[in-house]
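Colleague: Sending over a structure as structure tokens; questions will come in a sec.
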Amino acid sequence: MAPDAAVSAPSLIPAETLALVGQRLSEPVTITIDRREAQRYAHAVGDENPLYFDEDAANAAGYRTLLAPPTFVSHAPVPPRSASQLRVDGLYNTGERVRLLVDRMMFGGEEWDFPEPVYVGDVVTAETRLAALDQKDGSKGPFVRVVRETTYTNGEGAVVARARQIGIAR
């Protein structure tokens with residue numbers, strides 16, 4: 001082989017994991033948006049928007065009731081976990097089916113869409129799918145870009161939010 005010929009790294013993505021692209025990663029989680037929890041979240045993130053706290057203000061703005069802060073939908077369905085469930089890389093050991101031939105996973109970014117408001121009292125279902133997997137060559141060697149997409153749907157079937165989480169695995 002010529003010295004300047006590219007040598008590709010062995011795949012970090014097992015075939016059975018690649019076959020999961022497009023599939024649901026876990027069972028959907030359904031929750032009711034709780035006023036107290038949504039307001040605690042708003043306080044915790046420093047968002048004092050009256051639409052989350054004052055029903056008259058929400059009605060005056062054209063909403064049927066109080067709104068929940070937009071990203072609260074990602075917090076609400078997550079069950080509390082013990083610190084003993086943390087892995088070495090700081091993520092929780094969830095038993096997820098996405099297996100890669102890597103040592104660690106890092107946060108690589110997140111994108112959100114909010115097509116409809118989320119109201120206090122709404123019943124919201126979160127469903128996460130493996131949207132994409134691809135291996136890249138970086139300056140420190142090969143890595144895998146993992147994209148999970150979670151769709152949040154209200155009780156009427158309308159998509160209220162969509163999150164695309166990007167992970168970098170090395």
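Colleague: Specify the angular offset, from 0 to 90 degrees and rounded to the nearest 10, of the alpha carbon long axis of helix 35-44 from the longest principal axis of the alpha carbons in the chain.
Modeller: Around 60 degrees separate the two axes.
Colleague: How would the chain be classified by its alpha-carbon gyration tensor: rounded, prolate or oblate, with rounded meaning a/c under 1.5 and the a/b versus b/c comparison settling the rest?
Modeller: Prolate is the answer for the chain, as a/c is 1.5 or above and a/b outweighs b/c.
Colleague: If we count every other residue with Cβ under 9 angstrom of Arg129's Cβ, Lys/Arg +1 and Asp/Glu -1, where does the sum land?
Modeller: Once positives and negatives cancel, what remains is 0.
Colleague: Among Gly62, Ile33, Leu12, pick out the residue whose Cα is farthest towards the positive end of the charge dipole of region 4-68, where Lys and Arg carry +1 and Asp and Glu carry -1 on C-beta, about the Cα centre.
Modeller: The one lying farthest along the dipole's positive direction is Ile33.
Colleague: Give a residue-ordered list of calculated ³J(HN,Hα) values for region 156-170 (Karplus: 6.51 cos²θ - 1.76 cosθ + 1.60, θ = phi - 60°; whole Hz; x for Gly, Pro).
Modeller: Result, ordered by residue: 8, x, 7, 6, 9, 7, 9, 10, 10, 9, 10, x, 10, 10, 10 Hz.
Colleague: Counting only other residues whose beta carbon sits under 15 Å from that of Val45, what net charge do I get with K and R as +1, D and E as -1?
Modeller: Result for the neighbourhood of Val45: -3.
Colleague: Around Ala163, under 9 Å between beta carbons, what's the net of Lys plus Arg minus Asp minus Glu among the other residues?
Modeller: Result for the local shell: -1.
Colleague: Return Phe107, Phe143, Phe72 ranked ascending by Cβ neighbour count within 10 Å, so the fewest neighbours appear first.
Modeller: The fewest-first ordering by Cβ neighbours comes to Phe107, Phe143, Phe72.
Colleague: Restricting to Cα pairs below 8 Å that are 6+ residues apart, what does the relative contact order work out to for the chain? Please round to a whole percent.
Modeller: With pairs under 8 Å counted, the relative contact order is 28 percent.
A short reminder: the numbers here are calculations on the coordinates, not readings from a lab. Small disclaimer: the values here were computed from a predicted structure and weren't measured. Glycine also receives a Cβ, built like all others from the backbone with ideal geometry; neighbour counts cover every protein chain displayed.
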